[in-house]
Amino acid sequence: MNTSREKKKRGGSTAVGAAPAGAEKSVTTPVAAEKPAKSGGKGRPTPKRRDAQAARQRPLVPSDRKEARRRNRERVNEARSKQNHALMTGDEANYPLAHAGPERRLARDVVDSRFNVAEWLLPFALVTLTLPLILQLVSPALYSKVGLTLIIVLWAGVIVAVLDLILLRSKVRRTMVDRFGSVPPGMVSYALLRATNIRRLRMPRPMIKRGEAPRA
């Protein structure tokens, strides 16, 4: 019995402790995991810490303020000169925002295509108001005869100009509706204000003659 127990112990120790003969030992070596590539990178190298600190410490206002103001004035003057040249030549691509757009172009053409009484109202008013003052100094007797007449003529001119502006307002609204289906805000006042300026002094310069149809 002792002999059978010793055999079992030897067999158990062989199965548990030792590997069978001829078996090769396998050695596993750890493989370094590959780092996944980052997606959506900045596409540029990360700046060094000292460079980033120097950028943060850089003042927002340039050190030479006089030079900065001079450059700013040059940019403003250049842009203003470009816009003024566009207003003189009809270059609508460089018009200021106050005159840009097909709606304002149509409003200008409606005004420029007709004779407007209101454009002569201011010169007429200056003459009728200045003439009585001159007559008072030169000939008081003549002033007493024509003074009241000049006032009546001035008010008659104002009434005619107002009636003409009412007709212009109706024409602008009708043309806007026919072209765009509605009257854009501010277009009527834009046209009436242009009609009070003498044709040669209008800005932008008129691009059509009197009697011509508005441009498409």
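What are the residues in the stretch 92-103 that are in contact with a Pro (Cβ under 9 Å, 6 or more places away or on another chain) and open to solvent by 60 Å² or more (accessible area, probe 1.4 Å), if any?
Correct list: 92 only.
Mind checking which residues of the stretch 104-129 are farther than 30 Å from residue 177 by Cα and either open to solvent by less than 70 Å² (accessible area, probe 1.4 Å) or touching a Gly at 6+ places or on another chain (Cβ under 6 Å) (or both)? Walk me through how you get there before you give the answer.
Here is the first cut: in the stretch 104-129, the residues farther than 30 Å from residue 177 by Cα are 122-129.
If the condition is that a residue be farther than 30 Å from residue 177 by Cα and either open to solvent by less than 70 Å² (accessible area, probe 1.4 Å) or touching a Gly at 6+ places or on another chain (Cβ under 6 Å) (or both), then 123, 124, 125, 128 are the ones that fit.
For the stretch 83-109, give me the residue count where each residue is of a type in the set (A, V, I, L, M) and within 18 Å of the chain's Cα centre (by Cα).
Summing the residues that are of a type in the set (A, V, I, L, M) and within 18 Å of the chain's Cα centre (by Cα) in the stretch 83-109 gives 6.
Do we have residue 135 as over 24 Å from the mean Cα position of the chain (by Cα), modelled with pLDDT of 95 or more and surrounded by 12 or more Cβ atoms within 10 Å (Cβ to Cβ) here? Talk me through it step by step, then tell me what you get.
Values: over 24 Å from the mean Cα position of the chain (by Cα): yes; modelled with pLDDT of 95 or more: no; surrounded by 12 or more Cβ atoms within 10 Å (Cβ to Cβ): yes.
Here the answer is no, as residue 135 does not meet what is asked.
Sort through 158, 146 and tell me the only one that's assigned to a helix (DSSP H, G or I) and more than 22 Å from residue 199 (Cα to Cα).
Values: 158 fails: more than 22 Å from residue 199 (Cα to Cα).
Residue meeting the stated conditions: 146.
Can you list residue pairs whose Cβ atoms sit under 6 Å apart, with the first residue in the stretch 189-214 being touching a residue at least 60 places away in the same chain (Cβ under 8 Å) and open to solvent by 50 Å² or more (accessible area, probe 1.4 Å) and the second being part of a helix (DSSP H, G or I) and not charged (D, E, K, R)? Count only pairs 6 or more apart in sequence or on different chains.
Hits for this filter: 196/118; 203/87; 205/88.
Does the stretch 78-93 hold any residues that are within 18 Å of residue 199 (Cβ to Cβ) and either in a helix (DSSP H, G or I) or among the hydroxyl-bearing types (Ser, Thr, Tyr) (or both), and which are they? Before you say what the answer is, go through the steps one by one.
First pass over the stretch 78-93, keeping only residues within 18 Å of residue 199 (Cβ to Cβ): 87-90.
Hits for the stretch 78-93 are 87, 88, 89.
Given (1) touching a residue at least 24 places away in the same chain (Cβ under 8 Å); (2) in contact with a helix residue (DSSP H, G or I) (Cβ under 8 Å, 6 or more places away or on another chain); (3) under 26 Å from residue 158 (Cα atoms), identify the lone condition not met by residue 115.
Unmet condition: (2).
The values are calculated or read from the model by the stated rules, or taken from the named source; none is laboratory data. All values reported here derive from a predicted model rather than from experimental measurement. Glycine also receives a Cβ, built like all others from the backbone with ideal geometry; neighbour counts cover every protein chain displayed. Keep in mind that these areas ignore ligands, DNA and RNA; they rest on the heavy atoms of the full protein, side chains included. Shrake-Rupley method; radii C 1.70, N 1.55, O 1.52, S 1.80 Å.
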